[in-house]
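We did not get these values from a lab; they are worked out from the coordinates using the rules stated. Predicted model, so just to flag it, every value in this text is computed and none were measured. Here Cβ is always computed from backbone atoms with ideal geometry, including for glycine, and neighbour counts include all displayed protein chains.
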Amino acid sequence: MSIPQYNIKSHQSQLEICKPEEIKLRDYQQALIRLVFAKWQERDRKLLMQLPTGGGKTVILSAIARNFYQRQEPILVIAHTEELIFQLRDALESVCGVMAGVIKAGVKPNPDRLIQVASVQTLRNRDLPAAALVIIDESHHATAKTYRQIIEAYPDAYILGVTATPCRTDGSGFDDLFDALVSITSPRELIDRGYLCDYKLIASPQAISTKGIKTTGGDFNNRELADSVDVVELAGNLIGVYKVYAIGKKCVVFAINCSHSMAIAARFRAAGIPAEHLDGETPDDERKAIIERFRTGETLVLCNVNIVTEGFNLPNIEAVQIARPTKSLSLWLQMVGRGLRPSEGKQHALILDHTDNFARLGMPDANHIWLLEGVTIAKEKLKRKRNNQIERDEELFEIVEAESITLQEVTAVDVEKLRLQEELKNLEKLFETAAHNRYKDAWVAFKFLESKPSLEALKVCAKRLGYKQGWAFVKFNEIVKPSQLGEVA
């Protein structure tokens, strides 16, 4: 892997934002661009930029690339799927007003073009182009060896990683790859301002069980997960829920593996609902045809395996059906984010969760605090009445009976209640372990604090240990404060 040297140090004094005359940027997008350039001026050369799915990362990175192009500085944009590569190429050409080269197997190269959009897989086997700016799209994949080699090959270029979910499967971050993280808005803010669509999350009590499933690479072992699921029963549940809540709507189904996805699509078709399957091995022409039929509404249900999680921008997706349990916050947010793009006539997106992902990983608009070192989940501040009951206008669950399926509409309050239940179960296990091994109470407190529990759970812990309630508040503040020290705007 060789690269022509391009020294950008002499250009640092010229790093000023060129006013994008024909680009319509939202206020938060403009603020995020200013923040990126400010960090670069501070000599944080390798930046990780976080923006929620649907927030407009493509227009932002195109505006930043335009700044470099107007100074005739070479730009390299890297992506990992065909859809992303050509979406980025089209956006860059539109914003910069110039043809971009594509570095990808099967595509004629144009090495003389100042802007190059490349497949990360193809770059492994080719000489790297000169670049003053290197943009890595969907950069939560950047821990892979090839990405690392590319970043290291550009010691003088500005590096910009772009992602909606800057965390690894285990929740750790990217402080070994980037110098700083910039983030400026949240899904809830974008929903409230009308830039994203609001949602209803519907959970099925017939959730896919993950009991006894081993973890591989930080997520559930796919083979064991697939073997544990009765695909006929699962498909029946999916179809029943779809008929109750989303009949006639465009729906994307996330399955465990290819055989599950194909079987689910076949069951939908047998029920008279036009459905198709899509996976990573689907030939390019067939893939385009399938997506086009879904786009036009000829196909209503698109079953897939990790294909529609990234680079699939179809605003009129009305429902997302989750049949794939995961421990990955990144994958969860990518899946549910497919339905949050607004479109005409769409009042809200439907998230039909047939797993316990929502309880384990939070609601689609949960207030995650992104740090370069990883992610923490900000605990919801629940309003309470004097009798200590949760204040809310509706019952805990909305129950609807249809075709022998009980459906539950879930809110953020429900998630917090479930999380508290899990925390208290964990606390009880710690007390049992301490009693069995004759550990002191301080051991229970120490181990419980390692899990970063909520304030309510800490209050219970304090009471069980005979501590004053002030201990719970002090320890909770110690948990929360470090989360506010990262590079988060």
Check your understanding: Semi-axes of the equivalent ellipsoid of segment 257-344: what are they in whole Å, largest first, if each equals the square root of 5 times a C-alpha gyration tensor eigenvalue?
Key -> 19, 16, 14
**Study point:** Computed Kirkwood radius, in angstrom, where 1/r is averaged over Cα pairs of segment 415-479
**Key:** 11.8 Å
**Study point:** trypsin sites (Lys or Arg not before Pro) restricted to segment 129-230 and DSSP loop, no more than 16 other C-beta within 10 Å
**Key:** Arg193, Lys211, Lys214
Review point. Which of Cys251, Cys96, Cys303 comes first, and how do the rest follow, when ranked by fewest Cβ neighbours within 10 Å?
Key: Cys96, Cys251, Cys303
Check your understanding: Please identify the GluC sites (Glu not before Pro) of segment 258-344 that satisfy two criteria: DSSP loop assignment and at most 15 other Cβ atoms within 10 Å. Which are they?
Key -> Glu281, Glu298, Glu344
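At 0.36 nm per residue, minus the direct Cα-Cα distance, what do Ala38 and Asn222 gain on full extension? Give it in nm, one decimal, please. Before the final figure, lay out the partial values.
Working: separation 184, 0.36 × 184 = 66.24 nm, distance 4.27 nm.
My answer for the length gained is 62.0 nm.
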Review point. Taking the Cα-to-Cβ direction at Asp441 and at Arg71 and moving 7 Å from each Cα, how far apart do the two end points lie in nm?
Key: 6.2 nm
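Based on the Cβ-Cβ distance from Asp90 to Glu450, what FRET efficiency comes out when R0 is 56 Å, to the nearest 0.05? Before the final figure, lay out the partial values.
Values: r = 48 Å, r/R0 = 0.85.
Plugging the Cβ-Cβ distance into 1/(1 + (r/R0)^6) gives 0.75.
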Revision key, fill the gap. If Phe446, Phe268, Phe254 are placed from fewest to most neighbouring beta carbons inside 10 Å, the sequence is Phe446, Phe268, Phe254
Review point. Expressed as a whole number of Å, what is the distance separating the alpha-carbon centroids of segment 198-257 and segment 93-135?
Key: 39 Å
Study note, to complete from the structure: For the table Lys46/Lys145; Lys327/Lys425; Lys24/Lys288, the rows whose alpha-carbon distance is greater than 26 Å are Lys24/Lys288
Review point. Roughly how many nanometres apart are two label points built 7 Å out from the Cα toward the Cβ at Leu25 and Lys463?
Key: 5.2 nm
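Hey, fewest Cβ within 10 Å first, where do Glu422, Glu416, Glu152 land in order?
Glu152, Glu422, Glu416
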Check your understanding: Once label points are set 7 Å from the Cα along Cα→Cβ at both Asn316 and Asp112, what is their separation, rounded to one decimal in nm?
Key -> 4.3 nm
Point to revise | Gyration tensor verdict on segment 9-185 (Cα atoms; rounded if a/c is under 1.5, prolate if a/b is larger than b/c, oblate otherwise) | key: rounded
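With r defined as the distance between the Cβ atoms of Ala153 and Asn306 and R0 fixed at 22 Å, what FRET efficiency is calculated, to the nearest 0.05?
Numbers: r = 28 Å, r/R0 = 1.28.
The pair Ala153/Asn306 has a calculated efficiency of 0.20.
Given a Förster radius of 25 Å and the C-beta distance between Asp230 and Lys425 as r, what FRET efficiency does 1/(1 + (r/R0)^6) yield to the nearest 0.05?
0.40
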